[in-house]
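Note sheet for the following structure.
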Amino acid sequence: MGKTLIIANWKMNFTVHEASVFLHKLDKVVQNHRNVEMVIAPTALCLQPLSIQIDHAKYKLAAQNLYWRDEGAFTGEVSAHQLRGLVKYALIGHSERRYVFHEHEKDIRNKVQAAVRNGIIPVLCVGETAAERTDGETDMIIHNQIVSGLANLTADEAKTVVVAYEPVWAISKGKDFAGHASATPGDAAKAARSIRRQIQHLFGRETAQEVRVLYGGSVNGSNSAGFLTVTELDGLLVGGASLHVDEFSKMVKSAHDRR
Ligand code: 13P
């Protein structure tokens, strides 16, 4: 087992100043563990200042989104080419991008490819909605999103990818992360197996074994240890709870104590 990955998706929270103060506080509490990789995904505006502030041996940075064209007349977008060297990872196809901003499968596929082309590890987010779950379509949705999202990659490129299983119904609004329904560790294990099965089918066994799979959706300091008992998971993608120093440090500790 490699390092356990804990990605903090701050979504559209924290000003540049607040982000800096938060990381300063976090740094006093959270330790650097050899077996845990801590990744912060702030708003794009914070990437540059945080990159100057952080100890890069302790934290890595991730973009929450990127655009697949390198440059040009694309108002409001930030390209993988512009993020190159600044971030190690980029979230791609997050459910809020899919359902709030109506991102299409084709965009997601192009973004995954652009990330890889620019030396950024894509964190492809997949997962079913509540209605799809009720209708027993979870496996099919995962299949479709994996096949489509990774279609432009070679087997070697696909090995580097991280896939996050984030069932849409389990994602909190941010402040309600503690009371919100989450998947069970059993659901996450089943989805992780399904993700690896699809990847094996597309790229072969070796790639399927190397791809890292995360769970996200109302993870917090109290339930993270439970998810991390799932050997099929390589880590967690956390929203609301990652905005709290105490919750964050509990999750990191549970990742450290994993083995
Ligand atoms: P919550 O942890 O707030 O449910 O958010 C999950 C998520 O969307 C992380 O990308």
remark   = The set of residues whose placed amide H lies less than 5 Å from the amide H of LYS60, leaving out same-chain residues fewer than 5 positions away, is MET38, VAL39, ILE40
Estimated 222 nm signal from helices in the chain, with DSSP H stretches of n ≥ 4 weighted -39500 (n - 2.57), rounded to 500 = -12000 deg cm²/dmol
task = Would you work out what percent of the accessible area of region 42-107, with all protein chains in place, is carbon or sulfur (probe 1.4 Å)?
result = 55
message = Placing +1 on the Cβ of each Lys and Arg and -1 on the Cβ of each Asp and Glu in the chain, which of THR160, GLN53, PHE74 has its Cα farthest towards the positive end of the resulting dipole?
response = GLN53
request  = Taking the Cβ of ALA151 as the centre, find all other residues whose Cβ is under 10 Å away and add up their charges (Lys, Arg: +1; Asp, Glu: -1).
outcome  = +1
note = Those chymotrypsin sites (Phe, Trp or Tyr not before Pro) from region 1-79 that are DSSP loop and have at most 14 other Cβ neighbours within 10 Å turn out to be PHE74
request  = Please work out the C-alpha center-to-center distance from region 120-158 to region 19-91 and express it in whole Å.
outcome  = 24
Region 87-169: chymotrypsin sites (Phe, Trp or Tyr not before Pro) falling in loop per DSSP and having at most 15 other Cβ within 10 Å = PHE101
remark   = accessible surface per residue for region 1-110, probe 1.4 Å, DNA/RNA/ligands not counted, whole Å² -> 53
ask   = Dipole magnitude of region 145-259 about its Cα centre, charges +1 at Lys/Arg Cβ and -1 at Asp/Glu Cβ only, in debye to the nearest 20?
value = 200
task = Might you report the magnitude of the Cβ-based charge dipole of the chain about its Cα centre, with Lys and Arg at +1 and Asp and Glu at -1, to the nearest 20 debye?
result = 580
query = Mind checking which lysines have their C-alpha under 23 Å from LYS190, skipping anything on the same chain fewer than 8 residues away?
reply = LYS3, LYS159
key: Unit charges on C-beta of K, R, D, E only; dipole of region 16-130, Debye   = 300
query = Among VAL30, ALA115, ILE171, whose Cα lies farthest out toward the positive end of the dipole of the chain, if unit charges sit on the beta carbon of Lys, Arg (+1) and Asp, Glu (-1)?
reply = VAL30
query = Along each of its three principal axes, how wide is the spread of alpha-carbon positions in the chain, in whole angstrom units, largest first?
reply = 45, 45, 33
inquiry  = Once you order the gyration tensor axes a ≥ b ≥ c over the Cα atoms, which shape class does region 75-204 get: rounded for a/c under 1.5, otherwise prolate or oblate by comparing a/b with b/c?
reply    = oblate
query = Under a no-solvent Debye model with one identical scatterer per Cα of region 35-128, what's log10 I(q)/I(0) at q = 0.20 Å⁻¹?
reply = -0.96
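The values are calculated or read from the model by the stated rules, or taken from the named source; none is laboratory data. Remember, it's a predicted structure, so these values are computed and weren't measured experimentally. FYI the Cβ positions are ideal-geometry reconstructions off the backbone, even for glycines, and counts take in every protein chain you see. Areas reflect the complete protein model, heavy atoms only, side chains present, ligands, DNA and RNA absent. Shrake-Rupley method; radii C 1.70, N 1.55, O 1.52, S 1.80 Å.
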